[in-house]
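*Asks:* Below is the structure I would like to discuss, written out as structure tokens.
What follows is calculated from the coordinates using simple rules that are stated; it is not laboratory data. Keep in mind that this is a model prediction, so the values were computed, not measured. As a convention, Cβ positions derive from the backbone with ideal geometry for all residues, glycine included, and neighbour counts pool all protein chains shown.
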Amino acid sequence: MIPAFQFALGHQVLQGLVTVGRYDGKRPCISAGTTAGKVLIHCPHNRIENPQNEVMFLNINRKITSVVTGMLHPALQRDVLMVGTQTSLMVYDVEENADLFFKEVHDGVNVIAFGQLPGIEQPVCVVGGNCSVQAFDAEGGELFWTVTGDNVSSLAFCDVDDDGHPELLVGTEDFEIRALKSEEVLKEITETDVVLRIEPLHKCRFAYALMHGTVGVYDKLSRAWRVKSKNRVNCIDCFDLDNDGVPELIAGWENGKVEVRNEKSGEVICKDYFQAPVAALVHADYRLDGRETLMCLTSEGDVRGWLPSSSGAEHSGLRSGVAAVEAKENDSWRELTAQKAELTQELASFKEQLKQYKSDGKETGQGVIPTDTKLNASLKANKTHGTVELHLMTSNYSVIRAVVIFAEHLFDGEACMLHPLPPSNNVIVQISPAKDVQTTMNIKAMTGVTLSSVQYHVFELNYTMPKFAMYHQVDETQAPSGAVTFVVQERPNRIWSWIQRSFISIPEQMPAATGSNSLEVNFISLRTGEPLCITMSSQQAGLMTIRTDDMETAGEMVQDLCGFLQVTELESSANFPAEMEKFQQVLTRVDEYNAVRMKLTAEMADSANLVKALIVKAEDYRMLSDMQHLKKAFSSLQQTNGDLIAEYNKRANNHQQLLAQLKEVNMMIQKAAKLRMGHAKSRVVAACRQAIKQNNIMGLFQIIRTGHDASG
Amino acid sequence: MDIQLHRLDLLQCGALQPGTLEVLPVGKKKQQKIAVGDDTGILQVFYLKKGEVQYEWKSPPLGREISSVVMQMAKDKIFVGCGQSIHGFTRKGKEFVKIKTNLTETINHLFVEENMIWTGGEYILNIYDNCKDFGFVMIKDRINDLTCAPIYPGEILSTVVACQDKCLRVFQGEKAFHEFAVEGSATAIGFHGLNPVDNPTHHVGDPVQMIYGTEQGVVGLCSLDAKSMRRTGGLSDRQNRPGAGSSRRARVCCLHTADISKSGALDLLVGRDDGTLELWGLGDAALAAQRLDQAPTPLWETCLQESIRSLGSGHVTGGDFVEVVLATYGGKVLAFTPSSAAKDPTGTQMAQQEEKAEAGTSLMTRMVKGHKSSDLEQAEIKQERARRFQALEQEVARLKAETDKARKDYQNLSSEQIAMQTTTKVSHRFGLTSEEACYILTIESQAAIELIALRADVEVDLLDHSGTSAILSRSRGDPQNPLLAYYRMQEEGSRFQIRLRTVEGLSGTLSAFVVPATQPKTAHLISVSIKPLALHEKTPDVSPDIPMNELRLSGPFTVTDMHSWLAQCVNELPSRPTDDEMVICYRSTFVGTQLYGRYSKGTAIFRSDSITTISVLKDIISKEATGKKIQVSMNVDVKEETFAHFLELVHPKLNYQHALTQQVRMVEPLREVQLQEGETKFLHPELQSVLDQASDIQQQFELQPQKLAFLHNMVISAYRHKWRLRGYQSVDHRIKDLQKLLESYNLESVSAFFSESID
């Protein structure tokens, strides 16, 4: 990769806070968040008018969380700068040096995306905060609001269902990527770590990056490929660097590496290195020569730019077309040769095995381990440890020396290794998944004859961990007070097969029911020991009740059941007294913290005034050379300063608490929505938002219970 | 000069041992043939015709893995070392001699001149004259390479042996003549140019120009005569890689010289353990006499991702070029040629060229004919290419079908496809790199590795190894398995390295389950022992005038007893005592403290300026002796002045790390000040320099995050051992104070603390 240009901004650049905007409608400027709450704007094309002022600073004076540009106000015909901080969103017109609007955002701003939402005509500024997504227009009016399962960590627009309209993709800190069409969730994808970034590639494909160093590509909500690295990925961008008409995925890493990968295969096309961590990758026609350039900024403020290679254009040309074909042929020849070598080796290996088996193995059946050995796996619940146990057992005396299990979501890393001592022919692996997710475990068990063996057979086994493996079936349990009730038009044996699929240790045969249409299954949670009952009433056709005190679990089960039965619309009524009581407390606390916040802000204003007065006084004393009083003034100034800092800490603390409670509120709405499907689901979200805005607490409770507001 | 070498895949055979490939001398035709012997015990001789491999002959299986292949000097007979026997073949493939030796070691190295045969095993050099024993020498440490040359005037050639203990040794018959210390464990030797035996212009007594390579990656050029060895030049072991900074070059596996670049002078070829093949220019031919004094220039380099086992050169494709021929661990035989026709891997263009050369003059006429025929030629080439492609595709399809059938057959016998015995070779090496004070475990497999699972019964620090993309996952350990981790390979590769650091004083075992991606799937278990004094490396001697603590032992033990006990503590010890009175010298690679030991039957003395080392030795020896029921009386002399010396040794490192940690803390606040104030002239010069070197400081710190803690622990353990050897079992109440002193580090105060009395 040969850079086209290179320069240094001379200031630090914070990771991910870089964008390119045309603030006068024509000339692009790199805008980057830097330390001490400032935004740096690099305007190389202003040099002629203002040679001293290539770099400008905007003082935000708060911790900047996101910087995005876009034509939010179409009438202006130029980009405006959108800056997010922990508590506010500011939209600023750089050209006019004026705010379009400044808005306090209670849920905080973690990430901003600029684009078009379905059903809303003008472009909007989408803000992802703590468990919520909001959209604002150019006046700061709220046009859209919905909740998510956790704090939003990334946002992007991509047409993942191929209907011509881009959907909003929301990555959250609970490892999920959700595709939203208006309020409706098209699909939830569970990834393996916090989703740092999502970037649309082209058409229905998008690229993503995770906290622990994975980058990959999804094609219409199914994963095309991914690679993991031991380094942290800081940023990704999609840009057609080799000029073949398809953008490549470019990833910038913590260790200063920039990699260009083919979006189809994930193969590395080329790479470059920096001395400092890569802070951001952006592309724009930065030199105003009509060609887009890819630019990479490091955290030290170094910028390097690359033009799309011209060789790509030559590829399509006639002359070198032959060479290209030849090169391709040569590659496939090498591939074939490699394949040949591999096959030869494998063939030789099998032939050798066959030969040895025939010569001496026939009588004894003794290989690395007896050749008729089998490995059995089963899942059992362990109530005392609160875990799910995976039992692995060989069919004879051969011992399992080591077990490696690869599975997403189950372990801290991507896998778990066991080395039982002394080795025996059965191994028990204790697994306690933190989340209810269905995963496939890829088990590799190294099995040998004795402890001192040097060669081991590797059993490879895929085993599914059902979604609700952490719920253990019991005969009797006391019924919890919370419950969700809904009607599904299905026979009990369909429900039974869902239970078989989603839980462990469920017998094949449905127990002889009391009535032909009824069903009752009891579980206890291995995590908390709390009971959970699923019943289907015989009186009313298809009336199902899930009894649990955990509203979230109930929601997960409703969603999973609907997915299994392919139900798209579902109304339900919920009654969770314990959760509701807690929620009531949360709401009270929100009020309390809000009150405290007002009071503290007022107090701070007083102290700030005192500071001003003291400084003036001290200056007066200095003029009068009254050192004694000067000293006094300064010492009280120091004291006031100390007070201010203490006050600030209090406020910060209070704010943190408030945020946590607001998150609880949003999560409650999310939980309530998850008890329903389809239209009812989005209606709950909208109605709850309305109720909160009107501070209608009773209404809110009713919506959560029934799914309808008072009017409906 | 830019030179481009093109790769030609010649052959895929079984796994190979080092030194099992030879390029046969020029025969009737100009084109040279290649002999290679692999682990299946088959020696094959082949040549290239029209870009395709043709077999001249194949030997019947010799029963064991072939461990060396050489040409008889100045003749065209091929000699093969195979287990404990030597086989001789004529050019035509007739086995004319077979010698069954009574050796216990495998014949790893072989040299044949007229009726004399030299063999090298693990430790023993043997000489045969007319198939009869002529002499043998037991070498002090492992033989890594062996060759012979006329260095001393005499009836027979002198033998040059590259040894593990950082020496080149020269023998004349059974008599040792020279012992030259080199930069590291010598792993390969070769001649600059031809072996002087083959060189008619060479006279006995003239200095012999040799090249050697070491474990650490250094290549040296030296001039050897009856009186001395002179190092005349060499290659540095450092290389710069973009992004990764400078890194060490890998261990040298084989060396060769040939005029590849057609400059008239010999170029140096280096094959390394990590699969790197390098071509170095040694300077202008016009300056032939002084050429070795010039610094070599790198001409070309490639990486094959698996270690290179043998190197040779010759006219193998039949063109005018001298080509490189090499063999890798996994059994690939490759050629690298400057001929651009080799760009076409199908070999069509090569065949074309061959035909042209045969046609000779007709080529000229064709050239005159010009464009039209060239188009015709193009079409011909295209057709031929298509034909070859098809043939290969068919071959692959056939193999696939055959493999499927074999797999099914086997599945009928064993439904889980459990292997009778694995056919994939996996080997490993475990070595110390002194400058980083860490171990490198290198694992190499015949096939691509799928995953490696690690387990150790002692605490082991796994360090980040640049250059691998394998993903590490750790599992929570338990008291029995403090380390449980596994690596998943992301890119295909048959070679893997892990860097790890151990804590001195603990002993245990590290096991690795290596799973190659072959069917039937089998895991190989590799075990290496971690020794309590693992970070000590052998040195030629110790400096005499430093204060040392002393451990004296006496009792009814033999030299062998003591030797085996020592072998539990330190690495690099010969497998058995080589003298009645053994002397050992070691140096700690991290701090630089030394260990000197002298032991014979009944008595032993160990001296070290590190109290920890003495204490560890005492513990291990008393444990082992008790196990063998031998009464050993021990006497420890703790010298007070050693601690000041020890702390001084640690001081530069500790001081540097301490300052670095301080500076790193300041970088961020200073940067903010800089941004707020715009200029920083008002700052203290020290702070300004921190700001100037901010990124350097951060980088340095990131490279060695745990180093400060590691150093602190070392000082603390020295303190513990000091008092333990004086009879105080626990000094925990003092450790806290020491820790505090170390936090605000100052040499004098720590020194004073050490000499304070404890009560």
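*Asks:* Report the percentage of all Cα-Cα pairs in the protein assembly as shown whose separation exceeds 45 Å, rounded to a whole percent.
*Replies:* 57 percent
*Asks:* Tally Lys and Arg at +1 and Asp and Glu at -1 over the other residues with C-beta under 14 Å from the C-beta of A:Leu543: what net charge comes out?
*Replies:* It works out to a net charge of -1.
*Asks:* If you don't mind, there's one more thing I want to ask. To make sure I understand the rule: partners must be lysines, Cα under 25 Å from the Cα of B:Lys681, and not fewer than 8 residues away in the same chain. Which ones qualify?
*Replies:* Those lysines meeting the cut-off are A:Lys38.
*Asks:* Which whole-Hz couplings ³J(HN,Hα) result when phi for each residue of region A:150-160 is put into the Karplus expression 6.51 cos²θ - 1.76 cosθ + 1.60, θ = phi - 60°, listed in order with x for Gly and Pro?
*Replies:* 7, 4, 6, 10, 7, 9, 7, 10, 7, 7, 7
*Asks:* While we're looking at this one, here's another question. About its Cα centre, how strong a charge dipole does chain B have in debye, to the nearest 20, once Lys and Arg get +1 and Asp and Glu get -1 at the Cβ?
*Replies:* So the dipole magnitude of chain B works out to roughly 1880 debye.
*Asks:* To continue, here is another question. Counting only C-alpha contacts under 8 Å and six or more residues apart, can you give the relative contact order of region A:233-309 as a whole percent?
*Replies:* Once normalised by length, the contact order is 25 percent.
*Asks:* Could you compute Rg(Cα) / (2.2 N^0.38 Å) for chain A, with N its residue count?
*Replies:* Cα Rg divided by the expected 2.2 N^0.38 Å: 1.16.
*Asks:* Which loop GluC sites (Glu not before Pro) in region B:446-530, with loop taken from DSSP, have no more than 16 other Cβ atoms within 10 angstrom of their Cβ?
*Replies:* B:Glu459, B:Glu491, B:Glu492
*Asks:* Using Cα-only point scatterers and the Debye equation, what is log10 of I(q)/I(0) for region B:132-281 at each q in 0.19 Å⁻¹, rounded to two decimals?
*Replies:* -1.17
*Asks:* Just the C-alpha atoms of region B:123-220: what Rg/Rh do they give, with Rh taken as the Kirkwood radius?
*Replies:* 0.96
*Asks:* Still on this structure: If Rh is defined by the Kirkwood formula over all Cα pairs and Rg also comes from Cα, what ratio Rg/Rh do you get for region A:471-555?
*Replies:* 0.93
*Asks:* Turning to a different aspect of this structure: Please list, ordered by chain and number, the residues whose modelled amide H lies under 5 Å from the amide H of B:Phe191; skip anything fewer than 5 residues away on the same chain.
*Replies:* Answer set, sorted by chain and number: B:Ile211.
*Asks:* Next question. What is the extension gain from A:Arg527 to A:Ser424, computed as 0.36 nm multiplied by their sequence separation minus the C-alpha to C-alpha distance, in nm to one decimal?
*Replies:* 34.2 nm
*Asks:* Here's another thing I want to ask about it. Could you pull out every residue, at least 5 positions away or on a different chain, whose amide H is within less than 5 Å of the one on A:Thr293? Hs are placed 1.01 Å off N in the peptide plane, and Pro or chain starts have none.
*Replies:* Under 5 Å from the amide H of A:Thr293 lie the amide H atoms of A:Ala284, A:Asp285, A:Tyr286, each far enough along the sequence or on another chain.
*Asks:* For region B:467-568, report the convex hull volume of the alpha-carbon atoms normalised per residue, in Å³, without decimals.
*Replies:* Enclosed volume per residue, from the Cα hull, is 222 Å³.
*Asks:* About the Cα centre of region B:115-213, what is the dipole size in debye to 20, counting +1 per Lys and Arg Cβ and -1 per Asp and Glu Cβ, all else neutral?
*Replies:* Around 100 debye, computed over region B:115-213.
*Asks:* Other chains' Cβ within 10 Å of B:690-697 residues: what's the mean?
*Replies:* 1
*Asks:* Now, a different point. Please compare each pair in A:Lys220/A:Lys340; A:Lys444/B:Lys538; A:Lys435/A:Lys681 to a cut-off of 31 Å on the Cα-Cα distance and tell me which ones are over it.
*Replies:* A:Lys220/A:Lys340; A:Lys444/B:Lys538
*Asks:* Which one of A:Gln702, B:Pro207, A:Ala595 is farthest out on the positive end of the charge dipole of the protein assembly as shown, using unit charges on Cβ (Lys, Arg +1; Asp, Glu -1) and the Cα centre as origin?
*Replies:* B:Pro207
*Asks:* By how many nm would the segment from A:Thr440 to A:Lys380 grow when fully extended, if each residue of separation counts as 0.36 nm and the alpha-carbon distance is taken off?
*Replies:* 20.0 nm
*Asks:* About its Cα centre, what dipole magnitude does region B:437-504 give when the only charges are +1 on Lys and Arg Cβ and -1 on Asp and Glu Cβ, stated in debye to the nearest 20?
*Replies:* 80 debye
*Asks:* Checking the cross-link filter: which lysines have an alpha carbon closer than 22 Å to that of B:Lys29, excluding same-chain neighbours under 8 positions apart?
*Replies:* By straight Cα distance, B:Lys29 reaches B:Lys49, B:Lys50, B:Lys58, B:Lys75, B:Lys77, B:Lys92, B:Lys94, B:Lys262, B:Lys356.
*Asks:* Also, I was wondering about something else. Given an 8 Å cut-off on Cα distances and at least 6 residues of separation, report the relative contact order of chain B as a percent.
*Replies:* The normalised contact order for chain B reaches 7 percent.
*Asks:* Here's something else I'd like to know. PRE reach from A:Val487 (point 7 Å along Cα→Cβ): which of region A:680-697 fall under 19 Å by backbone N?
*Replies:* Inside the label zone: A:680-681.
*Asks:* Still on this structure: Could you name the lysines whose alpha carbon sits less than 26 Å from that of A:Lys631, not counting residues in the same chain fewer than 8 places away?
*Replies:* Result set, ordered by chain and number: A:Lys612, A:Lys617.
*Asks:* Now, a different point. Counting pairwise Cα distances across region B:536-639, what percent come out greater than 15 angstrom?
*Replies:* The answer is 59 percent, as a whole percent.
*Asks:* Right, here's the next one. So what are the ³J(HN,Hα) numbers for region B:380-395, from phi and the Karplus equation (6.51, -1.76, 1.60; θ = phi - 60°), rounded to whole Hz, Gly and Pro as x?
*Replies:* 4, 4, 4, 4, 4, 4, 4, 4, 4, 4, 4, 4, 5, 4, 4, 4
*Asks:* Mind ranking A:581-592, A:280-291, B:148-159, A:144-155 by how tightly packed they are, going by the mean number of other C-beta atoms within 10 angstrom, highest first?
*Replies:* By packing density, highest mean first, the sequence is A:144-155, B:148-159, A:280-291, A:581-592.
*Asks:* From the C-alpha gyration tensor of chain B, pull out the three semi-axes of the equivalent ellipsoid (sqrt of 5λ each), sorted largest to smallest, in whole Å.
*Replies:* The answer is 51, 34, 28 Å, longest axis first.
*Asks:* Run the simple label-point estimate for A:Glu96 and B:Arg429 please: 7 Å along Cα→C-beta, distance reported in nm.
*Replies:* For A:Glu96 paired with B:Arg429, the spin-label model returns 7.2 nm.
*Asks:* Could you tell me which of the pairs A:Lys351/B:Lys98; A:Lys467/B:Lys521; A:Lys63/A:Lys228; B:Lys33/B:Lys100; B:Lys531/B:Lys722 are separated by over 26 angstrom between their Cα atoms in the structure shown?
*Replies:* Correct reply: A:Lys351/B:Lys98; A:Lys467/B:Lys521; A:Lys63/A:Lys228; B:Lys33/B:Lys100.
*Asks:* Calculated FRET efficiency, A:Gln116 and B:Lys740, Cβ-Cβ r, R0 51 Å, to nearest 0.05?
*Replies:* After rounding, the FRET efficiency stands at 0.25.
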